[in-house]
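No lab work stands behind these numbers, since they all come straight from the coordinates. From a predicted model like this one, the values you see are computed outputs, not experimental measurements. A quick note on method: Cβ atoms are made from the backbone with ideal geometry, for glycine too, and the neighbour counts reach across all protein chains shown.
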Amino acid sequence: MPPTYVIERASTISAMRFRVLGPTQVLLADGREIAVGGPRLRALLALLLLDAGRVVSAERLIDGLYGEHPPRGAANALQSLVSRLRQALPAEHTPVEFHPAGYRLAVDPADVDAYRFERLAEAGRRALAGGDWPRAAAVLREALELWRGPALADVIDVAGVPAQAARLDELRLAATEDRIEAELALGGHAELVPELRQLVVAHPLRERSRGHLMRALSAQGRTAEALAEFEDARRSLAEQLGVDPSAALAAIHLAVLRGDESSAVPRGGGSSGVRPTTEQALPSQLTTFVGREEELTRVRALLGERRLVTLTGPGGAGKTRLAIEAAGRSDGEVCLVELAGLADGSDVPQAVLSALGLRDAGLRAPAEPGRQTTDRLVEALAERRLLLVLDNCEHVIADAARLAARLLGACPALRVLATSREPLGLAGEALCPLSGLTLPPPDTSTEDADDYAAVSLFVQRAADVAPDFTVTPANVDVVLRICRTLDGLPLAIELAAARLRALPVAEVAARLDDRFRLLSMGSRAASPRHRTLRAVVEWSWDLLDDAERTLARRLTVFAGGATLEAAERVSGLSSAEFVDALSGLADKSFVELAGGRYRMLETVRAFCAERLVEAGETDQLRRAHTAYFLEFAWTASDRLRQAEQLHWLRRLDAERDNLHAALRRATAAGDTSDAAGLVAALSFYWWLRGMRGEAARLAADVLDLLGDEAPSGLNEEFALCVYNTSLAGAGHLPSLGTQRSVIRSLDGPPRQPFLLYLSGISTGPPSGGAEHVEELMRELRQLVGPDTWINALGAMGSGSALMWSGQWDRARTALATALDGFRSTGDRWGCMITLGALGELAAWRGDPETAGVHMDEAMGLAEALESAVDQADMLRTRGEIRLRAGDLTGSRDDFTGALLLAQRSGAPEFVASARLGLAQVARLRGDPVEARRFCEEALVGGLTGWYVGEATRSEIILVLGEITEAERAGAASPSGEPPSADGA
C-alpha cells in the first residue's frame with residue numbers, strides 16, 4: 001500500500017469537516033452530516049469556505065449569490081442568510097463571524113476539502129518537477145480522491161458559483177494530468193490508455209492529455225494509433241482555433257516517428273503540453289526608463305505571487321510604460337493587448353484573440369453557431385503559461401473585467417497584468433497604484449536634485465531637445481517648481497521638457513499657470529489622448545458619470561485637499577450620491593486618499609476648475625467653502641484653549657491652505673463679515689504657529705476692506721485685524737485706545753479671548769502700576785464671569801505687573817493662580833508663558849534652581865506646541881536668567897538660538913530682544929564694539945506702533961547709552977576690567 005502524504009494542519013482542531021468537491025456537505029467529527037438549507041444558503045456557505053479563515057466582503061458575497069443585478073435589499077437578504085447559516089451550524093461552534101469589512105468563516109482551512117486538495121496538488125506538482133515520480137503519483141492520487149463529483153454540484157445554478165466551480169474543475173484536470181505524467185514515468189502505460197481516451201474525448205483541444213495518450217500508445221508498440229492521435233489533434237486545432245500543434249506536442253510526434261519515445265518524456269518535471277518560452281511581443285521603447293524602480297520591483301514581486309495585478313493611477317502617470325518594463329522582465333511568454341483604440345467593450349475578446357495571433361474561425365470550418373470568442377480564448381489558453389497584459393482598460397472596464405475573470409478561472413497557468421485608471425474589481429486582484437514621481441523636498445541642493453525621479457526625468461528629456469541643459473544653482477529652483485507644479489506626473493514633465501526646444505526653462509515655469517496651452521505638443525507617434533496634457537485629462541473626464549463630474553468640479557474649491565466631512569458638506573450632494581460619486585472618483589484616479597484627506601493632482605484640479613466656471617457654480621461653491629471653514633475655525637479656536645490643543649493644532653495645520661484660501665476669497669469678494677470673522681477665529685492659531693508675517697498681510701487686506709472704523713457688529717473682529725496687522729510693525733493704523741477701553745467696549749466675554757492678550761502686548765498695561773492692572777482685572781472678571789481661561793490670563797497679567805513693580809510675594813501668588821487655571825483647562829501655551837514669568841521671578845529673587853525647574857518645564861511645553869515664536873521667547877527668557885547668574889556662555893547660546901527661531905517665525909520683538917541679549921553678553925565680556933553692533937542691528941525694523949515693540953526699542957536705546965558711557969569712561973581711564981553683570 002503506498003504511503004499517505006498529509007499536509008500540516010493548523011494548531012486549532014475543528015469539530016467539523018467541510019466538503020465542496022462534489023455536493024456541499026458539513027460533517028461532524030463522528031461523520032454525521034449536518035443539513036444546510038436550500039441552494040442559496042449552501043452557496044453562501046461554499047463562498048465562505050473558498051476563503052476559509054479570511055474576511056469576505058459583503059459586496060463579493062452579494063455578487064456571488066445574485067450576480068450582476070442583485071435584487072433591491074440584497075444587503076438585508078445577505079444578513080438574513082448569514083443568520084440562517086449560523087442557526088444551521090452547531091450552536092457550540094458558530095464559526096460565522098461578522099467583521100466591519102464583511103463576514104468570516106472561522107474554521108481551519110485544512111478542514112475544507114478544496115483547500116486540502118489544492119495543497120496536495122501543489123505538493124504533487126513540486127514532486128513531479130523534482131523528478132520524484134513515486135511521491136508525485138501518491139500525493140496526487142490522495143488529492144484526487146477528495147473529489148466526489150463536479151465541484152459545488154448542488155449549487156451550480158447560483159449566480160457566482162459557476163466561475164468558482166470552473167476554477168476547481170480546471171485544477172482537478174491539471175492534477176489529473178500531473179498524476180498521469182508521474183505514472184507514465186513509472187511505466188504505467190497500458191492501464192492509463194482507457195482513462196486518457198476519455199480525457200481526450202472530453203477535452204479534444206488539451207494538448208497535454210493528447211501527448212500523454214500518444215506516449216502511452218507508443219510505449220505499447222501501437223505507433224499507428226499514436227500517429228493517428230496527432231493527426232486528429234492537428235485537425236481539431238486548425239478547424240477550431242486556426243493554430244498548429246504546440247512545439248511540445250510536435251516533439252512527441254517526432255519521437256514516435258523515430259521510435260524514440262524516451263526523447264519526448266520530460267526530465268525534471270516539465271509537462272508535455274506546456275508551450276516553450278517564445279519571443280515576447282512587446283514594443284521596443286525609444287527612451288530610457290526613469291524613476292519607477294521601486295514600483296517595478298513591487299510589480300514583479302506581485303506577478304510572482306498573484307495572478308491578477310492591476311496598475312492604477314491618473315492619466316500620464318506612466319502605467320503603460322511600467323507594465324511593459326515589468327512584462328519584459330518576466331519569464332515566459334507575454335502578450336500585450338492594447339485596448340485604447342476600442343470603441344465598444346464587446347470588442348475586448350476579439351482584441352485579445354487578435355493580439356494572440358489566433359483566427360476568429362478555423363482554417364477548414366466556419367465558426368460554430370453560438371460559439372463565442374471568449375470560448376475560443378479559453379480553449380487556446382487552457383494550458384498555456386502566459387502573461388497577458390491588458391493595457392488601458394478604463395473605458396471598457398466592465399468587459400475587460402468579465403473577460404479576465406473568465407480566463408483566470410478557466411486557465412490556471414495564465415496571469416494578467418492590467419493597466420487602468422480604476423481597478424477591475426475582481427476577487428484576488430492585487431493593486432499597484434501610481435501617482436507622480438518622487439519630488440525633492442524644499443531647499444534641495446543642486447547636487448541632490450537629480451537623485452529624485454521627477455527631476456531626473458525632466459533633465460533627461462530636456463537634454464534630448466537641448467543637449468547642453470543641466471541643473472545648475474541658477475536654475476535648480478525653477479526646475480523644482482516645474483516638477484512640483486506638475487505633481488511629478490511623467491507625461492506632464494516630458495511635455496514641459498520638450499518646450500525647452502524653444503523656451504528658456506524659466507519661461508516654461510512662468511507659463512505653467514496656463515499649463516493646458518503650454519503642454520500641447522506631444523509626440524506625433526503617441527495616441528491622440530497622450531499627445532497633450534488636456535487630452536489626457538479629457539479622456540478621464542469623459543469616463544465619469546454626471547454625479548462624478550459634479551463632485552469633481554466642486555472639489556476644486558478646496559486648496560490642499562479635504563477631509564471626508566468637509567468634501568461632503570461643501571459639495572451639496574446628498575449623502576448617498578456623494579459617497580457613490582467620491583468612490584467613483586477614487587476608483588478612477590481623479591482623487592487620491594492619503595492621510596485621511598482627499599486631494600486632486602493640480603493638473604486634474606486645474607481642468608476641473610475650468611468645468612466649475614463653465615457650470616456657473618464658482619460663487620456658490622466659494623460661499624459654501626467659506627461658511628464651512630469659518631465654522632471650523634471657530635470650533636478649533638475654542639479647542640485650542642483646552643486639553644485637545646495639540647490635536648486641533650494639527651487639524652488646523654492640515655487645513656491651513658483651505659482656511660487662508662477661504663479668507664482671501666472672502667476678502668476679494670468683499671464679504672466683510674466672513675473675512676473679519678476668519679481673522680478673529682485664526683488669531684490664536686497664528687500666534688501659536690508663529691505666523692506673524694502671513695497673519696499681518698492677511699489681516700491688513702481685511703483691514704483695507706473694513707476701513708478706519710469698525711462696521712456695526714464687528715468691533716471685536718476689527719480690533720483683531722488691527723492688532724494682527726500691527727504685529728509686523730506696520731505704519732499708521734486705526735487707534736483702538738488703551739486695553740481698558742478695548743475691554744470696556746465689549747458687551748460680554750469675547751468670542752476670541754486671545755484678543756485680551758493681543759491688546760495687552762499691543763497697547764501695554766494701564767498707567768498707574770500694578771494697582772490699576774488689578775482694578776482692570778476685576779472689571780474683566782465681572783465681564784466674563786467664571787471663564788477659567790480668561791481669569792487665568794488676567795491673573796497672569798496681574799502677576800507680571802506685580803513682579804515688575806517689585807511686589808514679588810503677591811506676584812508669585814497671582815502667577816501660581818494663573819498656572820493652576822491654565823492647567824485645569826489643559827492649555828499648554830498659558831502654562832508655558834506663566835512658567836516663564838515664574839522662572840524670571842525666581843531668578844530675580846536669587847533662586848536659580850527653582851528658576852531652572854520652571855524654565856525647563858516651559859521649554860518642554862514650547863517644544864510640544866512646536867511653536868517657534870514661543871521657543872524663541874523661552875530661550876530669550878532663560879538667556880536673561882543665565883546672564884543674571886553670570887553664565888555668559890550659556891546665555892549667549894540661548895540668545896543665539898532665540899535669534900534664529902525668531903527670525904524664522906518673523907517675530908521682530910524677539911529678534912530685537914535676542915540681539916539685545918547678545919549685546920549684553922558682549923558688553924560684559926569687554927567687547928563694546930560687538931555690543932554696539934548688536935544693539936544697532938536690534939533697532940532695525942518692526943518695533944514701532946505697538947507696546948512690546950516700543951518697550952524693547954526703549955531698552956535697546958538705554959543700553960546703547962550705557963555702552964557709550966562705558967566707552968567714554970574706558971577711554972578716560974582704561975582699567976581693562978569688564979563691567980559687572982549685576983545691572984544687565
Per its Cα gyration tensor (rounded if a/c is under 1.5, else prolate when a/b beats b/c, else oblate), region 601-716 is best filed as oblate
What FRET efficiency do you get for residue 638 and residue 820 if R0 is 22 Å and r is their Cβ-Cβ distance, rounded to the nearest 0.05? 0.60
Sticking with the crude label model, points 7 Å out along Cα→Cβ, report the distance from residue 329 to residue 853 in nm, one decimal please. 6.2
Check residue 416: other-chain or 5+ apart residues with amide H under 5 Å from its amide H, H built from backbone geometry? 308, 309, 388
Taking the chain and dividing mean pair separation by its residue count, relative contact order in percent (alpha carbons under 8 Å, at least six apart): 6
Near residue 81, within a Cβ-to-Cβ distance under 11 Å, what is the net charge of the other residues, with Lys and Arg +1 and Asp and Glu -1? +4
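Calculate the FRET efficiency for residue 507 and residue 344 from the Cβ-Cβ distance with a Förster distance of 45 Å, rounded to the nearest 0.05.
Numbers: r = 44 Å, r/R0 = 0.97.
With R0 = 45 Å, the Cβ-Cβ based efficiency is 0.55.
Classify region 770-856 from the C-alpha gyration tensor, please: rounded if a/c falls under 1.5, else prolate or oblate depending on whether a/b exceeds b/c. Each step should come with its number before you reach the end.
On the way: a/c = 3.14, a/b = 1.35, b/c = 2.33.
In terms of gyration-tensor shape, oblate.
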Residue by residue through region 808-821, which ³J(HN,Hα) values in whole Hz follow from phi under the Karplus form 6.51 cos²θ - 1.76 cosθ + 1.60 (θ = phi - 60°), with glycine and proline marked x? 5, 5, 5, 4, 4, 4, 5, 5, 5, 4, 4, 5, 4, x
Mind pulling the angle between the C-alpha long axis of helix 223-240 and the longest principal axis of the chain? Nearest 10 degrees, somewhere in 0 to 90. 50
Given the options 673, 437, 69, identify the residue whose Cα lies farthest towards the positive end of the charge dipole of the chain (+1 on Cβ of Lys, Arg; -1 on Cβ of Asp, Glu). 69
Which order, highest average first, do 688-695, 836-843, 434-441 follow once you tally other Cβ atoms within 10 Å for each residue and take the mean per peptide? 836-843, 688-695, 434-441
Starting at the first residue of region 163-176, write each ³J(HN,Hα) from the Karplus equation 6.51 cos²θ - 1.76 cosθ + 1.60 with θ = phi - 60°, in whole Hz, x for Gly and Pro. 5, 5, 5, 4, 4, 5, 5, 5, 5, 5, 5, 5, 5, 4
At a Förster distance of 51 Å, what's the computed FRET efficiency of residue 951 paired with residue 375, Cβ-Cβ distance as r, to 0.05? 0.05
Measure nothing but the geometry: give the 0 to 90° angle between the long axis through the Cα atoms of 928-938 and the longest principal axis through the Cα atoms of the chain, rounded to 10°. 70
Between residue 863 and residue 298, what is the spin-label point distance in nm, taking each point 7 Å from the Cα along the Cα→C-beta axis? 3.5
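How much length is gained on full extension from residue 57 to residue 930, taking 0.36 nm per residue of separation minus their Cα-Cα distance?
Result for the pair: 307.0 nm of gain on full extension.
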Report, for the chain, the % of DSSP beta bridges that are antiparallel, rounded to 5. 40
Amide H of residue 336: which non-local residues (sequence gap of 5 or more, or other chain) have their own amide H closer than 5 Å, using H built in the peptide plane? 281, 389
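Relative to the Cα centre, what is the charge dipole magnitude of the chain, using +1 at the beta carbon of each Lys and Arg, -1 at the beta carbon of each Asp and Glu, and rounding to the nearest 20 debye? It would help to have the intermediate numbers written out before the result.
On the way: 107 positive and 135 negative charges, 431 e Å.
Approximately 2060 debye in magnitude.
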Simple spin-label model, 7 Å along Cα-to-Cβ: residue 697 to residue 615 in nm? 3.1
Rounded to the nearest 10 degrees, what's the angle between the helix 715-726 long axis and the longest principal axis of the chain, both from Cα atoms, 0 to 90? 90
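Could you please rank 565, 617, 909, placing first whichever residue has the fewest other Cβ atoms within 10 Å of its Cβ? Walk me through the intermediate numbers first.
Values: 565 10, 617 18, 909 26.
So the ranking, lowest neighbour count to highest, is 565, 617, 909.
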I'm spelling it out carefully: the read-out is Cα Rg over 2.2 N^0.38 Å, the candidates are (i) 1.29; (ii) 1.13; (iii) 1.05, and one was derived from this structure. Which label? (i)
Gap separating the Cα centres of region 429-474 and region 601-670, nearest whole Å: 31
Under the Karplus curve 6.51 cos²θ - 1.76 cosθ + 1.60, θ = phi - 60°, whole-Hz ³J(HN,Hα) for region 831-845, x wherever Gly or Pro sits: 4, 5, 5, 5, 4, x, 5, 5, x, 4, 4, 4, 5, 4, 8
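Over all directions, what mean area does the Cα convex hull of region 169-258 project, stated in square nanometres?
Numbers: hull surface 22.2 nm².
Taking the Cα atoms of region 169-258, their convex hull projects to 5.5 nm² on average.
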